[in-house]
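The values are calculated or read from the model by the stated rules, or taken from the named source; none is laboratory data. Just so we're clear, the structure is a prediction, and the values are computed from it rather than from any experiment. As a convention, Cβ positions derive from the backbone with ideal geometry for all residues, glycine included, and neighbour counts pool all protein chains shown.
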Amino acid sequence: MTAVLGEFVMVTLQDTVRQIGGATEIDAALRAGAPVGVILVERDTKDPAVLAVGEMAAAMGIRVRTVAPTVLGRVSRFDTPQRILALVGRAPTADLDEIIAGGGAVWLLVGVAYPSNAGMAIRTAEVSGAAGVIIDADFDAAARRFALRISVRSDWYMPVFWERAKEVLDRAAARGRFIIGIEHVGTRAPWEVDLTGRPLLVVGGEADGIPQEVLERCHRLVRIPMAGFIPSYNLQAAVAAVAVERLRQKERLT
């Protein structure tokens, strides 16, 4: 969805995040105190306005990344090429407490076996506007780096944490998050449950699903309909199905 207000152009994402393009527009947003989380600047640009905005943002403590034009083109939601983009409404450097206490959806992936699946699920969550992703998996440092590469570096735009599920559930309960497990033992379809607000959405690993001790702490269990012989979808497919349904529900509220 694109909104045009005079010369101030924004592309609104479906959840709590929006994208701003152009030096003039980003300069105005910064001066207005918009919650800019990260800025992408085209590598080797000589545009003085773009460089000035990047320097101002860096001085304000905002993360500024210099990227190739192909990266800007891939992530941009504008019809015309942009030399500078800003992400507004999400803080990629926020810590776990801030994410749990804040708004939006947070995803908890428990027992993920393959870094590639984790990476694709992270990307799916970021595209859907999630506030953050938390992964409870026995990945070493190399596996975590691989997962983030597979995610197309979604951690540039959204916080990604590596924490144990119990700690996350304890914090979520203390901060009043509604915990929704996505598992075959669920009794309701995603569209029969309110997914708006600020849920903690829990998905289990490829082989064993959500552990019983985690299931017992969920306030609601949903089941994605299946009709084949194999008893489960792949991890990122399950994340996508629920994420899209959440966006549909939120859109109906606007």
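Do we have residue 59 as surrounded by 15 or more Cβ atoms within 10 Å (Cβ to Cβ), more than 30 Å from residue 199 (Cα to Cα) and over 23 Å from the mean Cα position of the chain (by Cα) here? No, not satisfied.
Filtered by the rule that a residue be under 16 Å from residue 128 (Cβ atoms) and among the small types (Gly, Ala, Ser), the stretch 213-251 gives 237, 238, 240, 241, 243.
Yes/no per residue for (1) part of a loop (DSSP other than H, G, I, E, B); (2) more than 23 Å from residue 176 (Cα to Cα); (3) among the β-branched types (Val, Ile, Thr):
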site: 57; (1), (2), (3): no, yes, no
site: 79; (1), (2), (3): yes, yes, no
site: 97; (1), (2), (3): no, no, no
site: 124; (1), (2), (3): no, yes, yes
site: 129; (1), (2), (3): yes, no, no
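List, please: which pairs have Cβ atoms under 9 Å, are six or more places apart or on different chains, and start with a residue in the stretch 163-176 that is outside the structural domain of residue 144 (by TED's automatic domain parsing) and end with one that is assigned to a helix (DSSP H, G or I)? No pair meets every condition. Taking residue 76 as the residue in question, decide whether it is touching a helix residue (DSSP H, G or I) at 6+ places or on another chain (Cβ under 7 Å) and among the hydroxyl-bearing types (Ser, Thr, Tyr). Answer is no for this residue.
Take the conditions over 30 Å from residue 215 (Cβ atoms), surrounded by 15 or more Cβ atoms within 10 Å (Cβ to Cβ) and not aliphatic (A, V, I, L, M) and apply them to residue 77. Does it pass? Taking the combined requirement at face value, the residue satisfies it.
Does residue 108 fit the bill of being within 23 Å of residue 225 (Cα to Cα) and assigned to a strand (DSSP E or B)? Against the criterion (within 23 Å of residue 225 (Cα to Cα) and assigned to a strand (DSSP E or B)), residue 108 qualifies.
Restricting the first member to the stretch 234-254 and to residues that are of a type in the set (Asp, Glu), and the second to residues that are crowded, with 19+ Cβ neighbours inside 10 Å and in a helix (DSSP H, G or I), the beta-carbon pairs closer than 8 Å and six or more apart or on different chains are 245/190. So, residue 136, is that one surrounded by 14 or more Cβ atoms within 10 Å (Cβ to Cβ) and of a type outside the set (Lys, Arg) or not? Yes; evaluated as a whole, the condition is true for this residue. Condition (residue is within 30 Å of residue 178 (Cβ to Cβ) and assigned to a strand (DSSP E or B)) applied to the stretch 29-36: is it met by at least one residue? Yes: one or more hits. Of all residues in the stretch 43-86, those being under 16 Å from residue 25 (Cα atoms) and of a type outside the set (Val, Ile, Thr) number 18.
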